[in-house]
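We did not get these values from a lab; they are worked out from the coordinates using the rules stated. Owing to the predicted nature of the structure, the values given are computational and were not obtained by experimental measurement. Counting neighbours? That spans all protein chains shown, and the Cβs are built from the backbone with ideal geometry, glycine included.
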Amino acid sequence: MIKKTFTLIALSFLTVMSCKNNSEELLFPDCSTENITYTEHIEPILSTCVGCHNGPLGNDGIDLSTEAKVLEAANDKSKGAEGRLLGAIKGLSGYAKMPPGSGATPLSECEIKQIEAWVNANLED
Ligand code: HEC
């Protein structure tokens, strides 16, 4: 009896642990970071940003209205090695967290991962 109970507890513990390890996959079953393209992934994610970052007079000089301009913001290392785009969407210290304001919906972990993968793939020289 004691042995059975122990086995049961051990099994439920293992089940809980395996769920915990997979939680990110369960939350984002489609979070692929392969073959990310500007038109298919990045432009739609950043569409909520463009209202404030459209053209050369975009807030803080950040223009997110074209692929080249987004890469320019990503490659701007004036505030640190992450670049201003990744620094801002990850909310790293030293960067203004984007999107701004306590009421704003932050980008999801998956969206941030996809942007990071795309930036890394496109800034490789
Ligand atoms: C409501 C308007 C608004 C929206 C929406 C917005 N931004 Fe901003 N953004 C600003 C303002 C204002 C600043 C300057 C903030 C500051 O310096 O404190 C800024 C600054 C930035 C910077 C420079 C940050 C730094 O510290 O160098 C980046 C990069 C940026 N935004 C990207 C984004 C991205 C990506 C999104 C969408 C996820 C976004 N922004 C959405 C208004 C906005």
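Annotations for the structure displayed:
- Among the trypsin sites (Lys or Arg not before Pro) in segment 39-104, those placed in a DSSP loop whose Cβ has at most 12 other Cβ atoms within 10 Å are Lys77.
- 3J(HN,Hα) from dihedral phi, segment 50-67, Karplus parametrisation 6.51/-1.76/1.60, rounded to Hz, x for glycine, proline: 5, x, 9, 10, 10, x, x, 9, x, 3, 6, x, 8, 10, 10, 8, 9, 4
- Mean Cα-pair separation over length for segment 53-104, i.e. relative contact order, pairs under 8 Å, 6 or more apart, %: 17
- Nearest-0.05 FRET efficiency for Asp76 and Glu40, computed from C-beta distance (R0 35 Å): 0.90
- Pair Ile112, Leu57: separation of 7 Å Cα→Cβ label points (nm): 3.3
- Here the 3J(HN,Hα) profile of segment 75-80, calculated from phi with Karplus coefficients 6.51, -1.76 and 1.60 at θ = phi - 60°, is 8, 7, 9, 5, 10, x Hz, Gly and Pro shown as x.
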